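A short worksheet on the structure shown next.
The values are calculated or read from the model by the stated rules, or taken from the named source; none is laboratory data. Keep in mind that this is a model prediction, so the values were computed, not measured. So basically every Cβ, Gly included, is an ideal-geometry build from the backbone, and we count neighbours across all protein chains shown.
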Amino acid sequence: MNTIKGGRHAMLGAALLWMGVTAAADGPALRMEVGPGQVATARVEAQGTLALLLPSGRQQRLDGVADADGGARLSQLDVDFDGRPELVARASVGQVNEAVAVYRFDTRQARFVPLELPASSHEQCGGLMGLDVDAANRTLSSSCRSGPMWYVDLYRYHDERLYLYRAERTLMLGDALEATIFVKQTAESGPMAVWSTFDPAGNVLETAISDGLVAPRSDRRLLAFSGQVVPARLPLYARPGDTATRRYLVRDDRVELLDEKDGWVKVRYANPTRGDILGWVNANP
């Protein structure tokens, strides 16, 4: 009986301390149910620091994200698709970008822990930015702007761990590609980019060259731009850097653009009699 009273007094003391600490906080508190009958409260303090009151009555502080004024916006969202919400903090940074931090409630530790992103050399945004959750396809989208270019990194879960599912890199060929393969674009078209799809181990499953400003649908295979061969005779090589080949494309042949490496472009030509033919063309000036 004394233990129960002591526990109640401890939780009451923690709640009173919480009220005293958060009275000067900048924003309203966010209440979220982290488990059956378990409620946590979160509030943003100075410079984006998150002050949390856990279901146990204990307090926790986490480094969050902050805008130029030191503020952030809190929400709850099921980011790992397990039916329970995660704590999400957002803050506008760099005029057009939005930094995002996500925290999962770990029932074994009875506290919040940051959502871990996989280490990858292919992602462009350096973390979760402008987070968008596609529950239907169980995909997380991170988007950011660098210079004139918008980038999108797509993440999925495998064995309860995130992996980079899709990413892009800008195609830096310019007029050299246009003189080799002409791709018709409109005023709304963005810079071309190489999109890649990865498996959980980081292996490349497919690549395609398409609009770098339009993220491909996460529930479909990549769709590549197509173009027409410009030279009267265009050598088609087996690998980038090859110097000899017996295969050629001719002017006006239509090909799909699949990948790029050091100024070489991988293409697919649908031969009417022999089916798809893959090879690399030299688009270096």
**Study point:** Given (1) closer than 30 Å to Ser146 by Cα; (2) outside any strand (DSSP E or B), index of the condition Ser56 fails
**Key:** (1)
Review point. Which residues, counting only those in the range 37-48, are part of a loop (DSSP other than H, G, I, E, B) and either in contact with a helix residue (DSSP H, G or I) (Cβ under 7 Å, 6 or more places away or on another chain) or buried (at least 18 other Cβ atoms within 10 Å of the Cβ) (or both)?
Key: Glu45
Exercise for review: Would you please name the residue that is surrounded by the fewest Cβ atoms within 10 Å (Cβ to Cβ), looking only at residues in the range 219-268 that are among the polar types (S, T, N, Q) and under 16 Å from Asn284 (Cβ atoms)?
Suggested key: Thr243
Point to revise | the range 109-124 residues that are without any contact (Cβ under 8 Å) to a residue 12 or more places away in the chain, paired with ones that are outside any loop (DSSP other than H, G, I, E, B) (beta carbon under 7 Å, 6 or more apart) | key: Val113/Tyr103; Val113/Arg104; Val113/Asp106
**Study point:** Residue within the range 184-201 that is modelled with pLDDT of 90 or more, exposed (fewer than 14 other Cβ atoms within 10 Å of the Cβ), touching a His at 6+ places or on another chain (Cβ under 9 Å) and under 21 Å from Leu278 (Cβ atoms) present
**Key:** yes
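Please indicate, with yes or no, whether at least one residue in the range 57-64 is aliphatic (A, V, I, L, M) and either touching a Gly at 6+ places or on another chain (Cβ under 6 Å) or buried (at least 20 other Cβ atoms within 10 Å of the Cβ) (or both).
no
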Review point. For the range 126-152, how many residues are of a type outside the set (A, V, I, L, M, F, W, C), in a strand (DSSP E or B) and surrounded by fewer than 19 Cβ atoms within 10 Å (Cβ to Cβ)?
Key: 4
Point to revise | Check on Gly130, over 16 Å from the mean Cα position of the chain (by Cα) and among the small types (Gly, Ala, Ser) | key: no
Practice item. Would you be able to tell me the number of residues in the range 44-62 that are under 27 Å from Leu162 (Cα atoms) and free of Cβ contacts under 8 Å to residues at least 24 places away in the same chain? Key: 2
Revision key, fill the gap. If we keep only residues of the range 46-60 that are of a type in the set (A, V, I, L, M) and within 15 Å of Val113 (Cβ to Cβ), then the residue farthest from the chain's Cα centre (by Cα) is Leu54
**Study point:** Residues (in contact with a Pro (Cβ under 7 Å, 6 or more places away or on another chain) and surrounded by fewer than 21 Cβ atoms within 10 Å (Cβ to Cβ)) located in the range 153-164
**Key:** His158, Leu162, Tyr163
Review point. What number of residues within the range 65-94 satisfy the criterion of being surrounded by 20 or more Cβ atoms within 10 Å (Cβ to Cβ) and within 19 Å of the chain's Cα centre (by Cα)?
Key: 8
Exercise for review: Report yes if Leu173 is modelled with pLDDT under 95, closer than 30 Å to Glu86 by Cα and part of a loop (DSSP other than H, G, I, E, B), otherwise no.
Suggested key: no
Check your understanding: If you check Asp67, Asp80, which single one turns out to be in contact with a Lys or Arg (Cβ under 7 Å, 6 or more places away or on another chain), modelled with pLDDT of 90 or more and not in a strand (DSSP E or B)?
Key -> Asp80
Review point. Which numbered condition trips up Glu33, out of (1) touching a residue at least 24 places away in the same chain (Cβ under 8 Å); (2) outside any loop (DSSP other than H, G, I, E, B); (3) under 22 Å from Gly127 (Cα atoms)?
Key: (3)
Check your understanding: For the range 98-109, which residues satisfy the criterion of being modelled with pLDDT under 95 and either in contact with a Gly (Cβ under 9 Å, 6 or more places away or on another chain) or hydrophobic (A, V, I, L, M, F, W, C) (or both)?
Key -> Thr107
Check your understanding: When the range 197-211 is examined, which residues are found to be charged (D, E, K, R), assigned to a strand (DSSP E or B) and closer than 24 Å to Tyr157 by Cβ?
Key -> Glu206
Exercise for review: Among the residues of the range 96-125, write down those that are of a type in the set (D, E, K, R), more than 18 Å from the chain's Cα centre (by Cα) and not in a strand (DSSP E or B).
Suggested key: Arg108
